[in-house]
Each structure stands twice: as C-alpha cells, then as structure tokens.
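Structure record follows, encoded as structure tokens.
Coordinate-derived values only; no laboratory data. Please read these numbers as outputs of a predicted model, since none were measured by experiment. Cβ sites come from the backbone with ideal geometry, for glycine too, and all protein chains shown count toward neighbours.
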Amino acid sequence: MTCFHTQRFLVVLALGLGVSLPSASGADALPGATAASLEKHCADCRDRATISPATAKEGIGHGGQKLLFRYAQPVDAAGELADGRKFADIRQFKRLLLDNEIQLARNLAQQLTVYATGAPVLFSDRGQIEKILERASANHYGVRMLIHELVQSELFLHK
C-alpha cells in the first residue's frame with residue numbers, strides 16, 4: 001500500500017506524461033525506487049499524519065498503528081518589551097500586557113471595529129472608540145461588552 005504523497009505523485013506523473021498507472025506498490029513508477037524505500041517513505045508519512053485528539057490521547061493513529069510520541073526541545077519564551085520590562089514565560093508576558101488594560105481594550109475595540117465595518121479606523125473615529133471604551137469600562141472591558149457597545153455605536157450604524 002502506498003502513502004498519499006506517493007499516490008498523488010504517481011497520478012500526476014501518469015496524467016502529465018500520458019502513462020498508465022503503475023501497480024499498487026508504485027516502485028516501478030519512481031526511477032531508482034524500491035518497494036522497501038517506498039514502504040519506508042509511507043511509514044514516515046503515517047508517523048507525521050494529522051490525527052484527532054481522541055485517538056492521540058489513546059496512542060492510536062491512522063490505520064490502528066501505535067503512535068510514537070516525540071518530545072521537542074524546550075522553548076525559551078523569555079523576552080523583553082519595547083519599554084524594557086522583561087518576562088520569563090508566557091504567564092509573565094500576559095501579566096505585563098494586562099498592566100495596561102485600557103490599551104489592550106482600545107486595540108481590541110479597534111480590531112473589532114475593522115472587522116465589523118470592513119473599513120479601517122480613521123483619526124476621526126477615535127472619539128467614538130473612546131466612548132465605546134468609556135461605556136465598557138464598568139464591566140472591565142469584557143469582550144461581550146465591547147461588542148455590545150460597538151454594535152450600538154454610531155461608528156457601526158453609520159460607517
């Protein structure tokens with residue numbers, strides 16, 4: 001049995017060159033390829049194949065073969081913001097971003113406005129954005145409140 005990549009290659013080759021499709025092993029269609037090398041390639045493809053979370057949890061992949069889990073090298077998530085504040089991991093990075101809640105809410109409101117209206121936020125729209133933020137501040141700039149205020153704003157209704 002050949003893998004998807006080998007099958008696709010063989011079909012493209014057959015259609016492009018006007019040749020008949022090869023046997024199921026595919027070894028005769030690839031110059032220099034042997035059945036063993038194709039089987040190794042197919043096994044590699046099966047190892048890399050995307051699987052559902054449910055089967056991955058059980059350790060079973062496509063076709064019922066046992067999954068081999070490979071662990072990657074640890075990621076260095078440390079960094080520094082433009083203002084010089086440093087963070088060691090994603091949790092500290094999120095805390096630093098939340099230190100300026102209004103700036104985060106303003107950016108989200110502007111992005112939601114672009115998405116909702118299909119037009120960029122102009123300099124003249126800044127007053128409307130600030131009104132949206134002022135009304136949403138009572139609920140700590142929750143996403144639902146930002147969307148609610150945006151939909152009721154003049155910016156959304158008349159842009």
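A Förster radius of 35 Å, combined with the Cβ-Cβ distance separating Ala116 from Ala78, puts the computed FRET efficiency at roughly 0.45. Straightening the chain between Asn139 and Arg91 buys 15.0 nm, computed as 0.36 nm per residue apart minus the Cα-Cα spacing.
Per-residue counts of other Cβ atoms within 10 Å, averaged by peptide: what ranking do you get for 120-131, 100-111, highest first? Walk me through the numbers before you get to the answer.
On the way: 120-131: 13.2, 100-111: 14.7.
Put in order of decreasing packing, that is 100-111, 120-131.
Phi angles across the range 73-90 convert, under the Karplus curve 6.51 cos²θ - 1.76 cosθ + 1.60 with θ = phi - 60°, into 3J(HN,Hα) values of 5, x, 9, 8, 9, 6, x, 9, 6, 4, 8, x, 6, 9, 9, 9, 8, 5 Hz, Gly and Pro given as x.
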